[in-house]
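Enquirer: Quick one: the structure is below, and I'll ask about it shortly.
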Amino acid sequence: QVQLVESGGGSEQPGGSLRLSCAASGDIHNGYIMGWYRPAPGSKRESMASITGAGVVSRARFVEGRFTISKDNAKDTIYLQMNSLNPEDTAVYLCNANSSFGSVWGHGTQVTVAS
């Protein structure tokens, strides 16, 4: 069973940067698409960026130019480099691993952006 553990959250001033990490353990393989989400209105979660086992990246338009997803296959870890943070980025950021076998979520890491 796959488990995900996020880290790297914290408090940052507007304009600052943070790098989130999501370490996967268990039966993780290249068939998984891994991504970063945050809560959205209506108890939903909005996808910010995802990356396949082959390294193909998808990004939401609202993070283009600010957030970058990457992956270290040797460590089974994905990252989210967040630049030019603004207060609207304050949220719990969640890591997800999705495959034909199902979807797994981490517990999240809190990001707070304030002066």
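Enquirer: Extent of region 33-76 along each principal axis, from alpha carbon coordinates, in Å, largest to smallest?
Expert: 36, 22, 14
Enquirer: If I ignore ligands, DNA and RNA and count only protein heavy atoms, how much of Ser50 is accessible to a 1.4 Å probe, in Å² to the nearest 10?
Expert: Accessible area, nearest 10 Å²: 30 Å².
Enquirer: By the gyration tensor of its Cα atoms, with a ≥ b ≥ c the square roots of the eigenvalues, what is the shape of region 1-44: rounded for a/c under 1.5, prolate for a/b over b/c, or oblate?
Expert: Details: a/c = 2.70, a/b = 1.57, b/c = 1.73.
Oblate, since a/c reaches 1.5 and b/c is not below a/b.
Enquirer: How big is the Cα convex hull of the chain in projection, averaged over all directions, in nm²?
Expert: Numbers: hull surface 27.3 nm².
With the hull built on Cα positions only, its mean projection is 6.8 nm².
Enquirer: Here's a follow-up. Amide H neighbours of Phe67 under 5 Å, at least 5 residues apart or on other chains, H built in the peptide plane: list them.
Expert: Sorted by chain and number, the residues that satisfy this are Asn83.
Enquirer: Still on this structure: Which residues' amide hydrogens lie under 5 Å from the amide hydrogen of Val2, considering only partners 5 or more residues apart or on another chain, with H built in the peptide plane?
Expert: Residues meeting the amide H criterion: Asp27.
Enquirer: Using Cα pairs closer than 8 Å and at least 6 residues apart in sequence, work out the relative contact order for region 1-73, in percent. It would help to have the intermediate numbers written out before the result.
Expert: Values: 92 pairs, mean separation 15.1, N = 73.
So the answer I get is 21 percent.
The values are calculated or read from the model by the stated rules, or taken from the named source; none is laboratory data. Since the structure is predicted, the reported quantities are computational estimates derived from the model, not experimental observations. Accessible surface areas use protein heavy atoms only, side chains included; no ligands, DNA or RNA. Shrake-Rupley method; radii C 1.70, N 1.55, O 1.52, S 1.80 Å.
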